[in-house]
Amino acid sequence: MLLRARMPAPMLQTAFAVLALWAGLLGALPALAASLNDRIVAVVNIEVITLSELEEEVGDAKAQARQRYSGAELVQRLRQIDYMGLNRMIERRLQVQIAKRRGIKVTEEEVKDAIVRLRRLGETPDENDSKEMAMIRDQLTALRLINQQVRSSLLVSDEEILRFYRQHRDRFMLPPEVRISQILIALGPGSELLAVREKAQEVYELLKKGERFEELAVKYSDGPEGRRGGNLGYIRQGDMLPQIQKAIEQAPLGSVTEPIASPIGMHIIRVDDRKASEFRPFEEVKEDVRNMVFQLKSEEAYIAWIKEQKDKNYIEIRL
């Protein structure tokens, strides 16, 4: 398949002349020539992208696809991965070329800072791998270009923030919460399950006789909340042990559950309060919304900008 981006006729002639010269050089230097196993899959102005480079870009994604799909669907997925990967590579090459034309440079110190940040995120960049270092430098260069050409002119108004908040209020919904107190009889390394169950049942019987929950929590609970009378505060549904979640789902306020078994011991739970789902106030999430709107506008602006750059430059796809 052969696709060409539009470009002015004089520039197109110049580009073809350069490409012809490039092709001659490839023919004269067998070490650089694209063989049947490593052919050219794209041209970005005077730079080429080879099949081996593309395979390096998409290798992991293809391996995952082969594990999940088969037959016609696998063929379709692999082709999609190739085109998406090639598009990323074309855009990166184009961004770096434009950055060089505009004199945008990245210093060695900035590359080192990026390596430190990557390591903090758990990545393991190899400073002795020249290809990996070149990729990091290119990514930093492209990011600086995009910040200058796309992001620097973007503004987000208060009206846009409020409109986004009203249109996507479900994103700012707080889930239901329940405030509970607990008496935990823990199952320790040397504990016997039967003894733990019996102790929990004894405490429960004391509650049934009218003794105060807080006093029994201070006296018997093995959890750190015991010192606070067992108060665990508000907990979101889904953030507690499933055994406890199920036991208190329909429990009325002020009620106390029978001892509940879990891997860590026996729990006696009192339901103190419930909060229904509610929306976070606009003022509380305003800056989060601003960042969301800015990110959306950045993506839209980038799509328009990169399309314009592709139209202005010579791009040929031979995949």
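So here's what we get for this one:
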{"quantity": "Residues (surrounded by 12 or more Cβ atoms within 10 Å (Cβ to Cβ) and within 15 Å of V41 (Cα to Cα)) located in region 58-79", "calculated": "V58"}
{"quantity": "Filter result (in contact with a His (Cβ under 8 Å, 6 or more places away or on another chain) and without any contact (Cβ under 8 Å) to a residue 24 or more places away in the chain) within region 222-278", "calculated": "T257, I260"}
{"quantity": "Filter pass, L184 being outside any loop (DSSP other than H, G, I, E, B), hydrophobic (A, V, I, L, M, F, W, C) and in contact with an Asp or Glu (Cβ under 6 Å, 6 or more places away or on another chain)", "calculated": "yes"}
{"quantity": "All positions within region 186-229 that are crowded, with 16+ Cβ neighbours inside 10 Å, among the small types (G, A, S) and within 43 Å of the chain's Cα centre (by Cα)", "calculated": "A217, S221, G223, G226, G229"}
{"quantity": "Residue match in region 132-151 (condition: hydroxyl-bearing (S, T, Y) and over 30 Å from V96 (Cα atoms))", "calculated": "no"}
{"quantity": "Close pairs (6 angstrom Cβ cut-off, 6 or more residues apart or separate chains): farther than 11 Å from I104 by Cα in region 141-155, charged (D, E, K, R) and part of a helix (DSSP H, G or I) anywhere", "calculated": "L154/K297"}
{"quantity": "Residue satisfying condition, being under 30 Å from A301 (Cβ atoms), out of contact with any strand residue (DSSP E or B) (no Cβ under 9 Å at 6 or more places or on another chain), free of Cβ contacts under 8 Å to residues at least 12 places away in the same chain and part of a helix (DSSP H, G or I), within set E205, E123, E198, E159", "calculated": "E159"}
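Quick note: the coordinates plus some simple rules give every number you see, no bench work behind them. The shown structure was predicted, so the numbers you read here are calculated from the model rather than taken from an experiment. Neighbour counts run over all protein chains shown; Cβ positions are idealised from the backbone, glycine included.
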